[in-house]
1. Please give the Cα centre distance for the stretch 167-239 versus the stretch 85-117, rounded to the nearest Å.
2. Relative contact order for the stretch 28-164 using alpha-carbon pairs under 8 Å, separation at least 6, rounded to a whole percent?
3. Do the alpha carbons of any pairs in 89/167; 13/185; 169/345; 13/218; 167/345 sit beyond 27 Å of each other, and which pairs?
4. Would you rank 112, 282, 196, 288 by solvent-accessible area, highest first, keeping every protein chain in place and using a 1.4 Å probe?
5. Please compute the modelled spin-label separation between residue 339 and residue 192, points set 7 Å along Cα→Cβ, answer in nm with one decimal.
6. Would you mind working out the magnitude of the charge dipole of the chain relative to its Cα centre, with +1 at each Lys and Arg C-beta and -1 at each Asp and Glu C-beta, to the nearest 20 Debye?
7. Give me log10 I(q)/I(0) at q = 0.11 Å⁻¹ for the stretch 265-382, Debye formula, one equal scatterer per alpha-carbon, no solvent.
8. Count the DSSP beta bridges whose two residues both fall in the chain, then state the antiparallel fraction as a percent rounded to the nearest 5.
Amino acid sequence: MREIYFDNSATTKVCPEAIAAAVNAMENTYGNPSSLHSKGVEAARLLGDARRVFAAALQVKEAELFFTSCATESNNTVIAGVSAAHVRKGKHILVSAVEHPSVLEPALALKDHGFEVDIIPVDRFGVVDIDAFTSMLREDTILVSVQQVNNEVGAIQPLAEIGALVKAKSPAALFHVDGVQGFCKAVSHPEAWQADFYSLSGHKIGAPKGVGLLWAKKGVRWLPLLRGGGQESNLRSGTENIAGICAFAAAAKKHQQNIEKSIANMAHVRAVLAEKLAELADIRFNSDLENGAPHILNVSFKGAKSEVLLHYLEMYGLFVSSGSACHSNKKGSISPVLQAMNVAKEYADCAIRFSFSPENTEEEALAAFDIIKNAVADIRGL
Ligand code: PLP
């Protein structure tokens, strides 16, 4: 049976360039980059090459980049590390209501340690409410975390505006952006947003799982999550995953070279599917079709519960998510993102996320529509 994979925000197929880079590192450059002999020097050289790729893509300095095991680690590092290092300046933290759990959970956990953690509300498409946000910024705010693109509905956050407000109203605060769903899907220059931290994940852009990145602006302070051998400038101990890092850099380089074409292609596939889906009765677009990210389309099919529909679609070779992959593990619960957007329960229960890669085609969108139309009709008729 033919397969159509529209779940690229959960994870992506590893691209040939990333596989080749990983195999090369594993077969030929297997030294430990901290070793002093030539094998170590060769591995350290690959690490340096990878750092250069990200420095160029993000327009930042190489010394400001720290490789991690995943974006969950990058996000936890920022929340735990900044709160620990800056506790004397204040105990107030702001995170948006639609953050990924790898931001929300560590932030909320700080409440047990005397921090005040306020949740910034969002509008009906998941975009931060700027007026509410402005009134929430305080002199003792030490950290603000707002993602670049929402992983469930594709809302693009007004980061330049948010960054300017943070620096004007809360000069003691550091600004963190979770860029996992934005990098390679939109312009990603964290300094242009006045950000201090930016988190990335390899497996969302065609690299294998288990590699991430944290950019931290020169001079900002945080306490490391992992201590030990002092790798990554003493800020993230643990022997670097050279194969994963090389694969991540190869995937990033490929995407950066084709970014405009890729964005246009994903936006086209999304528009074609959205236009066809609009023919169906009782649906709700949870994504902003005009202003949302090019690769995410979240739609509710009233009367066809997400989980039932997801498995029905899978029987016909179409792979999608109900909300985010991590949220879908929590059976029976409604997506907190859709709740924050005030989506009525009868629609929130029935949401499906389609997420695209640059390789998806218009023809796949049309074939997917036929599968969805029949599945929704069958389930509604049960
Ligand atoms: N942040 C966002 C917005 C995500 O979508 C994800 C993964 O779905 C993560 C963080 C976590 O990334 P990782 O799987 O690398 O830990």
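1. 17
2. On the way: 166 pairs, mean separation 25.9, N = 137.
Answer for the stretch 28-164 is 19 percent.
3. On the way: 89/167 15 Å; 13/185 16 Å; 169/345 37 Å; 13/218 34 Å; 167/345 38 Å.
Checking Cα-Cα distances, 169/345; 13/218; 167/345 exceed 27 Å.
4. Numbers: 112 135, 282 85, 196 10, 288 30 Å².
Ranked list, largest accessible area first: 112, 282, 288, 196.
5. Rounded to a tenth, the inter-label distance reads 3.5 nm.
6. Values: 37 positive and 42 negative charges, 188 e Å.
For this selection, approximately 900 debye.
7. Evaluating at q = 0.11 Å⁻¹ gives log10 I(q)/I(0) of -0.32.
8. Values: 20 of 39 bridges.
So the antiparallel bridges amount to about 50 percent of the total.
The values are calculated or read from the model by the stated rules, or taken from the named source; none is laboratory data. Owing to the predicted nature of the structure, the values given are computational and were not obtained by experimental measurement. No Cβ is skipped: glycine too gets one built from the backbone with ideal geometry, and neighbour counts run over all protein chains shown. For accessibility, only protein heavy atoms count, side chains too; no ligands or nucleic acids. Shrake-Rupley method; radii C 1.70, N 1.55, O 1.52, S 1.80 Å.
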